[in-house]
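*Asks:* Sending over a structure as structure tokens; questions will come in a sec.
The values are calculated or read from the model by the stated rules, or taken from the named source; none is laboratory data. All of these numbers come straight from a predicted model, not from anything done at the bench. Glycine gets a Cβ as well: all are built from the backbone with ideal geometry, and neighbour counts include every protein chain shown. Heads up: the accessible areas ignore ligands, DNA and RNA and are worked out on the full protein's heavy atoms, side chains in. Shrake-Rupley method; radii C 1.70, N 1.55, O 1.52, S 1.80 Å.
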Amino acid sequence: SEQQARDVRDAVARRLADVGLELNLDKTRIVYCKQDGREGSYAHTSFTFLSYTFRPRKAWSKNRGAAFTGFLPAASRERVAEFSRKMHDKQLHRRTSLTLNDLAADINLEVAGWLAYFTVFYPSAVIPLGERIDRHLMRWAKRKYKRLRNSDRKARVWLRGIRARDPGLFAHWKLRYSP
């Protein structure tokens, strides 16, 4: 209950005070874990810890064969945006002197490590990152190959063909989405 949560918070604050520390009141708050079967409401319904945002999310129950709302973690929007900016700053689309294999070698270690951490829970939260990298690859192809220069559709088809022939070329292609 909410009263039990307040009691635990106060007990932790007292224990920290005993050893000369104090709670950061801006970061310490009681969060209501809203999910199916819990109809209450509260001012705070999400929190971020270790770059994961815990909040109510849609999930699928294999046992019941139906969707439900659960209080689940996923990569925080801030971290996805930060990594997306990092990929943008690499300016892949301007590196037309490199081959596709060279581009993959350049970004795969970083992308694979990031995805290994952030796809443990709710991997669909990072799909926008994979889509953004694909858009950079399409822009790269449009600059590199004349036949693709004026057509987003042709560049998308070209990228789908590469992905079908070599699905392990880029680390983010292990996510389930279509370019």
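*Asks:* I'd like the Kirkwood hydrodynamic radius of segment 14-125, using the inverse of the mean 1/r over distinct C-alpha pairs, in Å. It would help to have the intermediate numbers written out before the result.
*Replies:* On the way: mean 1/r = 0.0567 Å⁻¹.
Hydrodynamic radius (Kirkwood, Cα only) of segment 14-125 equals 17.6 Å.
*Asks:* Additional query: Could you work out how far helix 100-118 tilts from the main Cα principal axis of the chain, as a 0 to 90 degree angle to the nearest 10?
*Replies:* Roughly 10 degrees between the two axes.
*Asks:* Ordering Ser46, Ser1, Ser124 by how much accessible area each has at a 1.4 Å probe, largest first, what is the list?
*Replies:* Result, largest first: Ser1, Ser124, Ser46.
*Asks:* Something else: Using a 1.4 angstrom probe on the protein heavy atoms only, line up Trp140, Trp114 by accessible area, largest first. Mind dumping the intermediate values first?
*Replies:* Details: Trp140 0, Trp114 25 Å².
Most to least solvent-accessible, the answer reads Trp114, Trp140.
*Asks:* Given the chain, what count of lysine pairs have C-alpha atoms under 30 Å apart, with each pair 8 or more places apart or on different chains?
*Replies:* Step by step, the pairs that qualify in the chain add up to 24.
*Asks:* Put Arg139, Arg77, Arg94 in order of accessible area, largest first, 1.4 Å probe: what do you get?
*Replies:* Working: Arg139 110, Arg77 190, Arg94 145 Å².
Final ranking, largest accessible area leading: Arg77, Arg94, Arg139.
*Asks:* Separate question: Using a 1.4 Å probe on the protein chains only, how many percent of the accessible area of the chain belongs to carbon and sulfur?
*Replies:* So the carbon and sulfur contribution to the accessible surface is 51 percent.
*Asks:* Where only protein heavy atoms count, and the probe is 1.4 Å, what is the accessible area per residue for the chain in Å²? If you can, show how the numbers build up before the last one.
*Replies:* On the way: 11760 Å² over 179 residues.
The answer is 66 Å² per residue.
*Asks:* Express the relative contact order of the chain as a whole percentage, based on alpha carbon pairs under 8 Å and six or more residues apart in sequence. Walk me through the intermediate numbers first.
*Replies:* Details: 185 pairs, mean separation 27.1, N = 179.
The value is 15 percent.
*Asks:* Turning to a different aspect of this structure: Please give the calculated 222 nm ellipticity per residue for the chain, where each DSSP H segment of at least 4 residues contributes -39500 (n - 2.57) and the sum is spread over every residue; nearest 500 deg cm²/dmol? Please report the intermediate quantities before stating the final value.
*Replies:* Working: 5 runs with 81 residues, N = 179.
Result for the chain, helices only: -15000 deg cm²/dmol.
*Asks:* For segment 25-89, what number results from the quotient of the Cα radius of gyration and 2.2 N^0.38 Å? Write down the numbers at each step before the final one.
*Replies:* Working: Rg = 14.8 Å, N = 65, 2.2 N^0.38 = 10.7 Å.
Output field value: 1.38.
*Asks:* Something else: For Val12, tell me the accessible area in Å² from a 1.4 Å probe, rounded to the nearest 10.
*Replies:* Only protein atoms counted, so the area is about 70 Å².
*Asks:* Can you list residues from other chains, or at least 5 along the same chain, whose modelled amide H is less than 5 Å from the amide H of Phe47?
*Replies:* Excluding prolines and chain starts, which carry no amide H, the hits are Phe54.
*Asks:* Could you tally the net charge around Ser124, taking each other residue with its Cβ under 11 Å from the Cβ of Ser124, Lys/Arg +1 and Asp/Glu -1?
*Replies:* Values: positive: Arg57, Lys58, Arg176; negative: none.
Summing Lys/Arg as +1 and Asp/Glu as -1 gives +3.
*Asks:* Still on this structure: Just check segment 1-58 against the gyration tensor rule for me: Cα atoms, a ≥ b ≥ c as the square roots of the eigenvalues, rounded for a/c under 1.5, and otherwise prolate or oblate depending on whether a/b exceeds b/c. Present the calculation step by step, with values, prior to reporting the outcome.
*Replies:* Working: a/c = 3.26, a/b = 1.71, b/c = 1.91.
It comes out oblate by the Cα gyration axes.
*Asks:* Just need log10 I(q)/I(0) for segment 71-132 at q = 0.19, 0.28, 0.30 Å⁻¹, Debye formula, equal scatterers on the alpha-carbon atoms, no solvent, rounded to two decimals.
*Replies:* These q points yield log10 I(q)/I(0) values of -0.73, -1.27, -1.37.
*Asks:* Could you tell me how many degrees, from 0 to 90 and to the nearest 10, lie between the Cα long axis of helix 152-165 and the main elongation axis, the longest principal axis, of the Cα atoms of the chain?
*Replies:* 80 degrees
*Asks:* Tell me the accessible surface of Tyr145 in square angstrom (1.4 angstrom probe, heavy atoms of protein chains only), to the nearest ten.
*Replies:* It works out to around 70 Å².
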